[in-house]
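All remarks here apply to the structure that follows.
The values are calculated or read from the model by the stated rules, or taken from the named source; none is laboratory data. Everything quoted here is computed from the prediction, not taken from an experiment. With ideal geometry, Cβ positions are generated from the backbone for all residues, glycine too; neighbour counts draw on all protein chains shown.
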Amino acid sequence: MLFWARAAGSAGFFTAVLILARSLGPTGRGTIAFITVSALVIARLAGFGMGAATTVLASRRMEARGALLANLILFVLTSALIVGSLGFAVLLSLAGQRPEGIGGPELAILVGAGAAIALVEAGGAFLLGCGRVQRLALLTATMTWIYPLLLGIVWVVDGLTVTRAALVWLTAETIVALVLLSQSARAAGIAAPRPRLLLESMHFGVRAWAGSLARLLNFRTDQIILGFLASEATLGIYAVAVNASEALLYLPAATATALLPIAARADPHVQVEQALRAFRSTVLVTTGLVLVAAVLGPLLLPVLFGSAYDASVEPFLLLLPGAFGFAATAIFSSALMASSSPGRSSLGPFVSLVVGIGLDLLLIPRFGASGAAAAASVAFLAGGYVALVMFRSKHPFGWRSLLLLRRGDLILFRALAGPLRAVRSSS
């Protein structure tokens, strides 16, 4: 359910990427990529792992959900505004180093978007912890389309600039945040904040925060580094390759998201079986998707985005192997989180981040977007291996069970086909 919702929502985001690429060109697309990535980093920095902590605690302690929601909203909003203001000051002082086209107005939009995204993530984490998967899936599938719809209207009516596109993004994220938080309040109500419960959430969340932040930075740090070490056009080329290749990560991300609250309520033996089944079935499907992408990607990218993005094909192909590393990192880190091991769950993403940054600094100056793509794949594979080893150190299992398929693993195919059958029968 979450996979198809993410796919539908990402189709909306992909539409927005097409509009931006066509209307702003590689240089403008690169500037927007820098703004959006920076806002995402601010949001994840400000979260301090509170979203993951709330998901686990809300799944276990129904009586405290109202207070958990109140604590989460107050903490995340305050923290996001503080971190965003610091980021504004730092980027404003780097007048000669930051990408061209980013001034005071764009930085102010960046801060506001960082706060909105932090609230979006908070609302989604709370709904997941409450078991409102259907509601979260529906919102994921539909709300993402607000951004391309608003972009299209502005493009047709008055034309798009970098500032207008960024302001549209801020507006869309604010609307999504308000809807998610209102749905969260409907699901559990809002009680008075509880300081002791906040400290408990923070104690859990801070240990998970390093991994949560590292997971985001694994996707976005290379784009920030490209923004400083290469041209905006190179960043725009790479951003398109990343946007296209991320479709391969929807299934592992959805599987890991759904696994967290379910495994948090299960006993340790069941947790191991759930994680291994999720990994085997996800790798099987991902293998097929990677092969299809390797064949069709080089043909479709220039057609969809235009000849100006022909150079996106090579980094796109170099990004494909990283999907397997991402699958291992997402699933086993989520399983460790559910096992109340947030520190261990952070090690895989952290290794990916360190390896990725080191390779980015080594490869980007020489190879540009292709160097960033190769670095990302190696980093994901390294992090996936570490996450797997960490999970096995806590829950020992035989290595053969990683890839030896069982009949129960095929349930994923039936699950993926379920929404399609429902749509066909309703029509």
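Among ALA263, ALA247, ALA241, ALA256, which is over 30 Å from THR36 (Cβ atoms) and not polar (S, T, N, Q)? I'd like the intermediate steps shown before the answer.
Working: ALA247 fails: over 30 Å from THR36 (Cβ atoms); ALA241 fails: over 30 Å from THR36 (Cβ atoms); ALA256 fails: over 30 Å from THR36 (Cβ atoms).
So the residue among ALA263, ALA247, ALA241, ALA256 that is over 30 Å from THR36 (Cβ atoms) and not polar (S, T, N, Q) is ALA263.
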Region 334-357 residues that are without any contact (Cβ under 8 Å) to a residue 24 or more places away in the chain, paired with ones that are among the hydroxyl-bearing types (Ser, Thr, Tyr) and outside any helix (DSSP H, G or I) (beta carbon under 7 Å, 6 or more apart): none
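Pick out the one residue from GLY49, GLY101 that is modelled with pLDDT under 85, on the phi > 0 side of the Ramachandran plot and in contact with a Phe, Trp or Tyr (Cβ under 7 Å, 6 or more places away or on another chain). Walk me through it before giving the result.
Working: GLY101 fails: in contact with a Phe, Trp or Tyr (Cβ under 7 Å, 6 or more places away or on another chain).
Going through GLY49, GLY101 in turn, just one is modelled with pLDDT under 85, on the phi > 0 side of the Ramachandran plot and in contact with a Phe, Trp or Tyr (Cβ under 7 Å, 6 or more places away or on another chain): GLY49.
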Region 29-68 - residue that is out of contact with any Pro (no Cβ under 6 Å at 6 or more places or on another chain), farther than 25 Å from LEU336 by Cβ and not β-branched (Val, Ile, Thr) and, of those, surrounded by the fewest Cβ atoms within 10 Å (Cβ to Cβ): GLU63
Condition met for GLY129 (buried (at least 22 other Cβ atoms within 10 Å of the Cβ), more than 17 Å from the chain's Cα centre (by Cα) and either of a type in the set (D, E, K, R) or over 18 Å from ARG44 (Cα atoms) (or both)): yes
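Would you point out which residue out of VAL303, VAL272, VAL292 is in contact (Cβ under 8 Å) with a residue 12 or more places away in the chain and either outside any helix (DSSP H, G or I) or not small (Gly, Ala, Ser) (or both)?
Values: VAL303 fails: in contact (Cβ under 8 Å) with a residue 12 or more places away in the chain; VAL292 fails: in contact (Cβ under 8 Å) with a residue 12 or more places away in the chain.
Of VAL303, VAL272, VAL292, the one residue that is in contact (Cβ under 8 Å) with a residue 12 or more places away in the chain and either outside any helix (DSSP H, G or I) or not small (Gly, Ala, Ser) (or both) is VAL272.
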Qualifying position, being buried (at least 18 other Cβ atoms within 10 Å of the Cβ) and not polar (S, T, N, Q), among ALA191, ALA165: ALA165
Test: residue in region 306-322 that is surrounded by 24 or more Cβ atoms within 10 Å (Cβ to Cβ) and either of a type in the set (Gly, Ala, Ser) or more than 20 Å from GLY30 (Cβ to Cβ) (or both): yes
Search result, residues across region 234-279 that are surrounded by fewer than 18 Cβ atoms within 10 Å (Cβ to Cβ), aliphatic (A, V, I, L, M) and over 17 Å from the mean Cα position of the chain (by Cα): ILE262, ALA266, VAL270
